[in-house]
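To start, the structure under review is shown below, and the notes come after it.
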Ligand code: C5P
């Protein structure tokens, strides 16, 4: 049994799991792990060090020596703020490419487990419930239809004043999900013991309330 309480929230891109996970963590006073950010940081650090995203040993080396930290809302890489740099669509694609490499996943495993500290952790990603915290007390698979997710990502980008094209975003999300589901290591899939939370037509507050209700149910 996992000693530190862990809530694992997995799901596809732009499903809203990051926002929900963060709010649940705040409500419970738990720590929060955005595991996708670690893959994004690895992809960005690889670019900066001139390592190709296909070079498994090279990228695993980058992942193992990642000088990165979460500092409140800021994400710092090599002592520079990388919070917005890691959110670009290009780095999202790079993250899903490097995330398919087994040596890269292995290099990030212990680091992710290290975030499980008292009084508890809410972790979001693709394999939180399957690989990183298989004994999590609560597992949630949070999803939404591709159309709803593309719309959310579109609004997010437009809100940041970035160029956004709905058709391109939809195609990119679908390609990324297909890669995440098809890979041989830690593919994106709902675990048999995970609760399904479909957020089509469900606001953030309602999704947060549902996760908290499941958590209370577990005592
Ligand atoms: O969640 P986010 O979009 O930031 O994740 C970026 C990419 O990192 C995903 O498309 C996925 O390929 C990868 N990832 C993963 N395992 C995780 C979290 C993210 O493979 N636990």
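Taking the range 55-83 as the region of interest, how many residues are exposed (fewer than 12 other Cβ atoms within 10 Å of the Cβ) and within 25 Å of residue 12 (Cβ to Cβ)?
We begin by selecting, within the range 55-83, every residue exposed (fewer than 12 other Cβ atoms within 10 Å of the Cβ); these are 57, 65, 67, 69, 71-74, 79-81.
Now restrict to residues that are within 25 Å of residue 12 (Cβ to Cβ): 73.
Count: 1.
Taking residue 101 as the residue in question, decide whether it is within 13 Å of the ligand (Cβ to nearest atom) and within 15 Å of the chain's Cα centre (by Cα). Show your work before the answer.
Numbers: within 13 Å of the ligand (Cβ to nearest atom): yes; within 15 Å of the chain's Cα centre (by Cα): no.
No.
Any idea which of 152, 176, 111 is outside any loop (DSSP other than H, G, I, E, B), within 16 Å of the ligand (Cβ to nearest atom) and surrounded by 21 or more Cβ atoms within 10 Å (Cβ to Cβ)?
So the residue among 152, 176, 111 that is outside any loop (DSSP other than H, G, I, E, B), within 16 Å of the ligand (Cβ to nearest atom) and surrounded by 21 or more Cβ atoms within 10 Å (Cβ to Cβ) is 176.
Output the number of the condition that residue 170 fails; it satisfies all remaining conditions of (1) surrounded by fewer than 20 Cβ atoms within 10 Å (Cβ to Cβ); (2) over 17 Å from residue 16 (Cα atoms); (3) touching a helix residue (DSSP H, G or I) at 6+ places or on another chain (Cβ under 7 Å).
Condition not satisfied by residue 170: (2).
Quick one: what pairs do we get from the range 78-99, first residue touching a residue at least 60 places away in the same chain (Cβ under 8 Å), second more than 8 Å from the ligand (Cβ to nearest atom), C-beta under 6 Å, 6+ apart or different chains?
Correct list of pairs: 97/53.
Which numbered condition in (1) more than 9 Å from the ligand (Cβ to nearest atom); (2) in contact (Cβ under 8 Å) with a residue 40 or more places away in the chain; (3) touching a strand residue (DSSP E or B) at 6+ places or on another chain (Cβ under 7 Å) is the only one that residue 74 fails?
Tallying (1) more than 9 Å from the ligand (Cβ to nearest atom); (2) in contact (Cβ under 8 Å) with a residue 40 or more places away in the chain; (3) touching a strand residue (DSSP E or B) at 6+ places or on another chain (Cβ under 7 Å), residue 74 fails exactly one: (2).
Starting from the range 21-44, take each residue that is within 12 Å of residue 212 (Cα to Cα) and within 12 Å of the ligand (Cβ to nearest atom) and list its partners that are modelled with pLDDT of 95 or more and in a helix (DSSP H, G or I), counting only C-beta distances under 9 angstrom and pairs at least six apart or across chains.
21/211
Look through the range 45-54, keep the residues that are surrounded by fewer than 20 Cβ atoms within 10 Å (Cβ to Cβ) and without any contact (Cβ under 8 Å) to a residue 40 or more places away in the chain, and return whichever of them is farthest from residue 6 (Cα to Cα). Walk me through it before giving the result.
Within the range 45-54, the subset surrounded by fewer than 20 Cβ atoms within 10 Å (Cβ to Cβ) is 47-52, 54.
Restricting the remaining residues to those that are without any contact (Cβ under 8 Å) to a residue 40 or more places away in the chain gives 48-52.
Values: 48: 33, 49: 34, 50: 36, 51: 34, 52: 34 Å.
Checking each candidate, the answer is 50.
For the range 118-136, what are the residues that are more than 11 Å from the ligand (Cβ to nearest atom) and out of contact with any strand residue (DSSP E or B) (no Cβ under 6 Å at 6 or more places or on another chain)?
Within the range 118-136, 118, 119, 120, 134, 135 qualify.
Out of the residues in the range 179-217 that are in a loop (DSSP other than H, G, I, E, B) and more than 17 Å from the chain's Cα centre (by Cα), state the one that is nearest to the ligand (Cβ to nearest atom).
Within the range 179-217, the subset in a loop (DSSP other than H, G, I, E, B) is 183-194, 199-203.
Add one more test, that the residue is more than 17 Å from the chain's Cα centre (by Cα), and what stays is 184, 192-193, 200-203.
Details: 184: 12, 192: 18, 193: 17, 200: 19, 201: 22, 202: 19, 203: 20 Å.
For the range 179-217, the residue satisfying everything is 184.
Kindly provide the set of residues from the range 131-148 that are modelled with pLDDT of 95 or more and assigned to a helix (DSSP H, G or I), ordered by number.
Matches in the range 131-148: 131, 132.
The values are calculated or read from the model by the stated rules, or taken from the named source; none is laboratory data. Nothing here was measured: the structure is a model prediction, and the numbers come from that model. When we count neighbours, we look across all protein chains shown, and the Cβ atoms used for this are built from the backbone with ideal geometry, even at glycine.
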